[in-house]
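The values are calculated or read from the model by the stated rules, or taken from the named source; none is laboratory data. Not measured: the values here are computed from a predicted model. Ideal geometry is used to build each Cβ from the backbone, glycine not excepted, and the neighbour counts take in all protein chains shown. Surface accessibility is based on the protein's heavy atoms, side chains included, excluding ligands, DNA and RNA. Shrake-Rupley method; radii C 1.70, N 1.55, O 1.52, S 1.80 Å.
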Amino acid sequence: MSIDILIIGSGMGGATLAAALAPTGVRIVILERGEHLTDSPAARDADAIFREGVFRPSETWLDGQGQPFNPGNYYCVGGNTKFYGAVLIRYREADFAPVRHMGGTTPGWPFPYAELEPWYQAAEEMYQVRGHLGDDPSEPPHSGAYPHPPVLDEPEIADLRCRLRRAGLHPSSLPLGVDLPRWLDRAATPWDAFPDTTGAKMDAESIGLARALSFDNVDLITGTHVDRLLPDATGRVKAVQVTGPQGARDITAARIVLAAGAVNSAAILLRSADSAHPDGLANRSGQVGRNFMNHNCSAALAIHPFRRNRSIYQKTLQINDFYTKGGPDGAPLGNVQLLGRISAPILAAQTRLPGPLARWIADHAIDFYVMSEDLPDPDSRVTLRDGQIMLDWKRSNWAAHEALVARLKRALRKAGFPLVLSRAFDRRTPSHQCGTARMGLDPESAVVDRFGRSFDHPNLFIADASILPTSAAVNPGLTIAANALRMADHIHRKELAA
């Protein structure tokens, strides 16, 4: 049977698109490089995850200086969402327009927030988001309420919420896609960076793929690496060259959707270079691989020597008082949210502190994730060197991030924490990767149009974070899902119904 839509990647973009198009009855095949995660003792073992890295891929990329590193990029059914913190938050309304930051001005999106809002609402319902409206000063307009109430604060976090309010801030509940009783039933651990092997997180596999695969017209093929795309003389992509359990072969389809993540989608396009497309496919603009963004992030530990933190999961609260303002001349600074509880084994593995010191700090700290926007830069890019991925991330807007960390430290001291430690996250970890194939209105400066279709190849679409023109300063998962739903509606109405 011929394939109508071939989707490369089973993460948030690919799985959501498949779920939305499955009811149309067209033949859909999803290719996944990895396999299903199976439950094991290591799935809830902090030492196995953070010290031994048992789930990390045995893959090496190069950084901008040509030095090898092991990226935090997971290959499994459901993609990186299997390990994500399940924060499903909307971009703010202002993020869709040009915004002046301390480090420069963002380009804006080819459409306003209002166009994506109904799809945000649909994505929140699809992924069963737990949340609450009314407390977040930066919350954009919603056409409906969250489908479920927020995940409850643990006692120490409820106390923190009160302290932050007394310090003049406006803490609000994190929008989360997690079934807390089901998660804790497996083991009393955080979910942030722990793999979902029981379906307790609302991730690309447990929600998107589960819905898509409930239809007979959808199939998933695992263990299959996409080597390149093969265009024909007319510019259409006629086939995908893959290597899998059956060896090397070509798979043909009427439409191809790239959803392999911002780094790998760009790498696939670049690997597909031929005599007619020497710079790679979909690259008339020269923008494929460029404008890589990854957020500027730090961990901040608020410590009180006489108060213990007995939380298990912790990750239920955020602060957006500085999202649209707070810097010099009112420049935006970013988002602050709680991390999943950092236990002594996690802290020791990440810092190499002696065990007793790591235990004391972990027992007395509340852990925050501080996130600022990374701005698009054409020199921040993905390239290939002898076929190997080279990621040259050029961090931007760092002064705004330093200002946000400083504002948070002052606020936490005012809230009763005499010691606040902070440390920037490794710049080589592409946890919130986006950009590299941005959407726009001009084929000379963008890779795809406003609906994710390549300007150069009429049957090629991209449905992951590659096409996001900006990174904003919030987790990208919900925006990827919402945009995939919007794309699916367009493909259904304009392509399949034609």
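The set of residues in the stretch 39-60 that are open to solvent by less than 80 Å² (accessible area, probe 1.4 Å) and touching a residue at least 40 places away in the same chain (Cβ under 8 Å) comprises Asp39, Ser40, Ala43, Arg44, Ala46, Asp47, Ile49, Phe50, Phe55, Thr60. Among the residues making up the stretch 223-266, a single one is touching a His at 6+ places or on another chain (Cβ under 7 Å) and of a type in the set (Ser, Thr, Tyr): Thr243. Within the stretch 61-70, being in contact (Cβ under 8 Å) with a residue 24 or more places away in the chain and either open to solvent by 50 Å² or more (accessible area, probe 1.4 Å) or out of contact with any helix residue (DSSP H, G or I) (no Cβ under 9 Å at 6 or more places or on another chain) (or both) holds for Leu62, Asp63, Gly64, Gly66, Phe69.
Listed by first and then second residue, the pairs with beta-carbon distance under 8 Å, at least 6 apart or on different chains, first residue in the stretch 152-165 and under 22 Å from Val129 (Cα atoms), second open to solvent by 40 Å² or more (accessible area, probe 1.4 Å) and of a type in the set (A, V, I, L, M), are Glu154/Ile312. Screening the stretch 451-475 for residues that are in contact with a His (Cβ under 9 Å, 6 or more places away or on another chain) and open to solvent by 10 Å² or more (accessible area, probe 1.4 Å) and picking the one that is farthest from Gln318 (Cα to Cα) gives Asp456.
Elements of the type strands (runs of 3 or more DSSP E) sitting completely within the stretch 229-333 and holding at least 3 residues that are out of contact with any Ser or Thr (no Cβ under 7 Å at 6 or more places or on another chain) and within 30 Å of Ala403 (Cβ to Cβ): these cover 296-303. Given the structure, is Ala300 aliphatic (A, V, I, L, M), open to solvent by 20 Å² or more (accessible area, probe 1.4 Å) and modelled with pLDDT of 95 or more? No, not satisfied. Here is the figure for the stretch 76-128: residues that are touching a His at 6+ places or on another chain (Cβ under 9 Å), open to solvent by less than 10 Å² (accessible area, probe 1.4 Å) and more than 17 Å from Gly208 (Cα to Cα) total 1.
For Asn73, the conditions (1) surrounded by fewer than 18 Cβ atoms within 10 Å (Cβ to Cβ); (2) touching a residue at least 60 places away in the same chain (Cβ under 8 Å); (3) in contact with a Ser or Thr (Cβ under 9 Å, 6 or more places away or on another chain); (4) part of a loop (DSSP other than H, G, I, E, B) are fulfilled apart from (1).
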